Amino acid sequence: MKRRALIKGMAATLPSLWLSRVVGNDLLQTEYSGEPIAKGPFKPTWESLQNYKTPGWFQDAKFGMWAHWGPQCEPEAGDWYARAMYQEGSRQYKIHLEKYGHPSKFGFKDVINEWKAANWNPEELVSLYKNAGAQYFMAMANHHDNFDMYDSRYQKQWNATKIGPKKDIIGGWAKAAKKNGLPFGVSVHASHAWRWYESAQRSDKNGQYAGVPYDGNLTKADGKGKWWEGLDPQELYAQNHPLSENSWNDGSIHRQWGWGNGVCEPDKAYIEKFYNRTIDLINKYDPDVLYFDDSQLPFWPISDAGLRIAAHLYNKSIKDHGELRAVINGKILDENQRKAMVWDIERGQANEIQPLPWQTDTCIGGWHYERAIYERNGYKTAKTVIQTLVDIVSKNGNLMLNIPVRGDGTIDEKERKIVEEIGAWMKANSESIYATRPWKIFGEGPAQQAAAQLNAQGFNEGKGKAFTHEDIRFATKGDVLYATAMGWPENGKLVIKSLAKNSQYFQQEIQKVEWVPAKQSLTFERNENGLIVSLPEKASDELTYANAVKVLS
């Protein structure tokens, strides 16, 4: 115990340029790091970060939109393309063979070179999303493919200003968000490239290319006479290391996501490069939201790199804005970690009101654009998105919605129609969404009785019972209660059981009930069975996916 206390005491005196390897809460080793942590009240420890308070703007916003867009959208073959194209026999491997050739000859580095983003208009897209009701906007800064979408000081070769579109993608999105008056976020996924790209070290087991290595182990010297001469593929693939245990089992990566279970642990140079890349991103683009596609924070618990990044962002936010505006999203957080950052649930939602603000991130299709989903009309409907938003808001959450962007930088006409339908509903009903807070209960109705439990990062969406008009969600704003029914009752009578006469939840007299879209007074009756509200004549379908009434006492 004395040794631990001594190490902690020493760490407290180290300048911000020094870093620590951690196990639990103990600081074990220190070494020099390139980018300093901004000075301020937050230190790179879980205990210090637990002093975080979610900013009011984020709690009020409720709805954000996301462009999960990068070179993996170029083949239009869906998510995790840059990994699956190296998995012999997979759907994306077969697409790659047909479209580009064998991955020993044409690897993902070459896909990046094909990606030009020729029709990308960030201002038009962000304006569309704002008109649809988004109150903040997020763009992907890098994915597990390790390609930086910005003018990256520490990923100098493999970034979008040098290869592919030769544009500062994050800079363009940030400018568009600012022009539209929206807080701007960036999502960072690259910590996992070390393990994720291991499939690029493989070779086919069958056929004419059996035993011929894919391009994952190429070096700078191999580029002589090629388009990529002078570039080092290992700066992208990061595969100059042994395979993790059971690496050829494609599902094993999920068990090793938290840097355990036989993973080949990243070296310090890789971790510190990621740290410096992310600090550089923060310093250049001043994001209000930093989303990590990690369990807790990047490289936790094998490194405190993520803790240092978090402390830097919080301190910089205070310094730049005079208050803490920044939000960090992370997954699979315990109760104390949820005090240090905003808990994010991927493709799912909480089943109860959460004591602290949280966020769902989901998508109307695949994370990266997939032509097959478009062709089979596989997108989530506007109705599903709206009902999901209402449910999330009732439980103290926000919804971050990705609209997949094609390789050329546009969205397709089916996606645009969904976005416009969401916008029509939000224009009529946003009063019941923005700046609201949870009520005493989140809702009533049969759907919650069959709700699916969260699995790992989330992944419980669409697994429960479908919503009907009997499923009602509540939210408050001051003395006002909003009740939103997830459908239209055939007889036009909305029954809210939780507001029955002598209700334990709402004991005061109800003076008035309004139809939110038209600010129209509605006739109502309150008896032992519930508050029975006579709805107006049914409007167009997109305005009645979810039906909000305002209850005044």
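The numbers here are math on the coordinates, done by the rules we state, and not lab data. Predicted, not measured: the structure shown is a model, and the values here were computed from it. Neighbour counts are summed over all protein chains in view; Cβ atoms, including those assigned to glycine, are modelled from backbone coordinates with ideal geometry.
By Kyte-Doolittle mean hydropathy of at least 1.0 and Cα axial length of at least 27 Å, which whole DSSP H helices of the chain are selected? Flagged H segments: there are none.
Protection proxy ranking of 175-182, 75-82, by the mean of other Cβ atoms within 10 Å over each peptide's residues and highest first, is 75-82, 175-182.
Measuring spread by the Cα atoms of region 70-172 yields a radius of gyration and Dmax of 15.0, 45 Å. From its DSSP helices (H runs of at least four residues, each -39,500 (n - 2.57)), the chain gives a residue-normalised ellipticity at 222 nm of -7500 deg cm²/dmol. Considering only beta bridges that DSSP places wholly inside region 56-346, some 5 percent are antiparallel. Highest mean packing first, where packing is the average number of other Cβ atoms within 10 Å per residue, the peptides 203-212, 190-199 line up as 190-199, 203-212.
Relative to one another, the C-alpha centroids of region 503-551 and region 35-84 are positioned 38 Å apart.
Structure note, pairs Lys493/Lys550; Lys39/Lys319; Lys440/Lys550; Lys167/Lys417; Lys116/Lys162; Lys166/Lys316: Cα-Cα distances above 18 angstrom occur for Lys167/Lys417; Lys166/Lys316. Among residues other than Asn113 with Cβ under 12 Å from its Cβ, the summed charge is +2 (Lys and Arg +1, Asp and Glu -1). Among the GluC sites (Glu not before Pro) in region 482-540, those placed in a DSSP loop whose Cβ has at most 15 other Cβ atoms within 10 Å are Glu490, Glu509, Glu528, Glu537. When DSSP beta bridges are restricted to pairs lying wholly in the chain, around 50% turn out antiparallel. Highest average first, the peptides 248-259, 391-402, 124-135, 406-417 ordered by how many other beta carbon atoms sit within 10 Å of their residues are 391-402, 124-135, 406-417, 248-259. Taking a ≥ b ≥ c as the square roots of the eigenvalues of the alpha-carbon gyration tensor, region 332-440 is classed oblate because a/c is 1.5 or more while a/b is no larger than b/c.
Summing charges over all other residues whose Cβ lies under 9 Å from the Cβ of Asp471, with Lys and Arg as +1 and Asp and Glu as -1, gives -1. Using a cutoff of 8 angstrom between alpha carbon atoms and counting only pairs six or more residues apart, the relative contact order for region 443-552 works out to 26 percent.
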